[in-house]
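Every number in this text was worked out from the coordinates using simple rules, so none of it is lab data. In this text the structure is predicted, and so the values were computed from the model without any measurement. Glycine also receives a Cβ, built like all others from the backbone with ideal geometry; neighbour counts cover every protein chain displayed.
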């Protein structure tokens, strides 16, 4: 499997196996075997253990998946589904993993999901059902992943594998029409008879008056009633009746019962509960890793799964949060838990725990590995969110700090490690580490980049509104007109002594040359190029294809450089003639960033601003934008894009602090054009507009921020952003 750092914990794929469940739930028990059904309601209206009991009786095989926040990204969702297929048939899933990943990167959902559906159908015993718990995550995004599954996956499962969705939010009753049905809270509600049977199973002997009160408080919510009665069985009828009398809704009832249970729990139970609150599932091995004793059977918030795993009952999540169940876990325990989770391949969950524990060094390692996996599967949405959560703060003027969602001391160091992902992952991406030349000249004494010839300048003129060129440019000590000038940002542009390569007679030859340019500091072995560009053919066929590509490449170059040797073959390796002086924009881009970081660290803010400005000017489009499907280029493309966004972020902060409000506005608009959810950029624009006396523009920018965060991430602005807006409306200086 290729998803080495973003695997799901094994407990995410196990169905509940309860030792005691509710005797009767008419709606679920009467639910027929249909192609697509959804149970969609708040957690207190759902009892997943009873659902599991019903489907296990009805189907020969149950494939259960617990979705999580990462699965809002379609490509991450495909990885999760592929992980489920691997548990059924590891060999078959391994066979389709590469193709599914490639289709996902290209946005070919229909083809990727068809492969996945065929694998699932072949690996299951009919009748079978696929249960997706946490299906509310499928409703995030535009269009929602749910629509993708219904339109692309469901048609290939018809008659062989039913799909049951369990979503912990309300859905419209017509949400799945005409493909399936949605059972909401009104249909999931227990009747009076079912409540009495449930009470007899857990707390026999309760009076009719108490049952009536329990029914009224919970509104017949199955999950809340089962949780309450199971807690009452531990606490006793006196405590249970007192809690019922003091509550006017299900959440308050379970919170009261939860506080009583927590008060009786020892340190071991609280630490295990705190860990499960973060991960959703728990295993004795996790407890042992933390030096914690095994769980007690009389804790009613646990649901038993297979293989020793346990799940935190969804009905208890909110009440236990209100009762403060996560307080009894320290940073040392969080770090130990993160290390165990990381050892199980769930690097994304480990990263969350490291960040919470403020273990920035370990978080940096996890972030690089997770980012590599996300980039390999094309999970750019999740990768962008990861970068957004790890973005370093940029000082802002005014008494209100720029908002950030995660506290992260030494975050700039973590961010620096994240943007070096290509160097850390070169062993599988095929990208050799970029060797940055030593910076020789001072920022203000550097030569400008190679001038574009008329044909290149024409292509440059077609680009949409780049930032104006900086007054000074910083480069290494290249001669004025290098032998080769290669522009890899945007469309490929290559010139030899100012003579551009106009025609590439071989597409593969051009791709090989791009790769050699990126790695021009080293020799690239022939078999590496063969496996990189022709991975699915025999070695003889790949060797022949490489020879043809190199021949076409040399023909393309000969039209410009004549008989001057450019691409050399020696000792079973290819490389660009070392005697040629080479200027590559991506190298100068990273040189500028290194210089900017150094100047920033030494408080040379004017020089730092000039270096960031030079770097952003060099970025004239995504890396090899006209070769979007070259697999080896995908990781460096995202790496460079993240570096560019970080440079814009820092440049805007420097301009804001220096009082260059017009310049800050220009950079922030550029940043938001690439990532509309950058809340810090929105806030800087609000400050700039306000300080320029353009209050209406500032107000409009706040509303744009709210709309972007809601549409793309499904979140509200941070408290600092809202406070900034409130101060703006009060006409205070911001």
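What the table below lists for this structure:
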{"quantity": "Stretch gain in nm, segment residue 505-residue 147, where the contour uses 0.36 nm per residue and the Cα spacing is subtracted", "calculated": "124.6 nm"}
{"quantity": "Cα centroid separation - the stretch 57-109 against the stretch 212-264, whole Å", "calculated": "39"}
{"quantity": "For the stretch 307-371, alpha-carbon Rg relative to the globular expectation (2.2 N^0.38 Å, N residues)", "calculated": "1.25"}
{"quantity": "Cα gyration tensor shape of the stretch 467-607, rounded if a/c is under 1.5, else prolate or oblate by comparing a/b with b/c", "calculated": "prolate"}
{"quantity": "Nitroxide proxy distance, nm - points 7 Å out along Cα→Cβ at residue 703 and residue 660", "calculated": "3.2"}
{"quantity": "Contact order relative to length of the stretch 579-734, as percent, for alpha carbon pairs under 8 angstrom and 6 or more apart", "calculated": "14"}
{"quantity": "Ascending count of other beta-carbon atoms within 10 Å, so fewest first, for 146, 336", "calculated": "336, 146"}
{"quantity": "Rel. contact order, % - alpha carbon contacts under 8 angstrom, at least six apart, the stretch 132-232", "calculated": "22"}
{"quantity": "Proxy reagent accessibility, fewest Cβ within 10 Å first, across 612, 13, 661", "calculated": "661, 13, 612"}
{"quantity": "Order of 342, 531 - criterion: other Cβ atoms within 10 Å of each residue's Cβ, fewest first", "calculated": "531, 342"}
{"quantity": "Extension gain, residue 710 back to residue 358 (0.36 nm per residue minus Cα-Cα distance, nm)", "calculated": "123.9 nm"}
{"quantity": "Pairs of alpha carbons in the stretch 52-135 whose separation is greater than 14 Å (percent)", "calculated": "63"}
{"quantity": "Where labels lie 7 Å past Cα in the beta-carbon direction, separation of residue 17 and residue 577 in nm", "calculated": "7.0"}
{"quantity": "Estimated FRET transfer efficiency when R0 is 25 angstrom, pair residue 87-residue 631 (beta carbons, to 0.05)", "calculated": "0.40"}
{"quantity": "Three-way shape label, the stretch 550-597, alpha-carbon gyration tensor, a/c 1.5", "calculated": "prolate"}
{"quantity": "Rg to Rh, two decimals, where the stretch 165-211 supplies the alpha carbon set and Rh follows Kirkwood", "calculated": "1.19"}
{"quantity": "Average silhouette area of the stretch 634-734, convex hull of alpha-carbon atoms, in square nanometres", "calculated": "6.5"}
{"quantity": "Kirkwood hydrodynamic radius of the stretch 10-188, from inverse mean 1/r over distinct Cα pairs, in Å", "calculated": "16.4"}
{"quantity": "Label-point separation in nm, residue 719 to residue 731, each point 7 Å along Cα→Cβ", "calculated": "2.9"}
{"quantity": "The stretch 149-283: C-alpha gyration tensor shape, a/c 1.5 cut-off, then a/b vs b/c", "calculated": "oblate"}
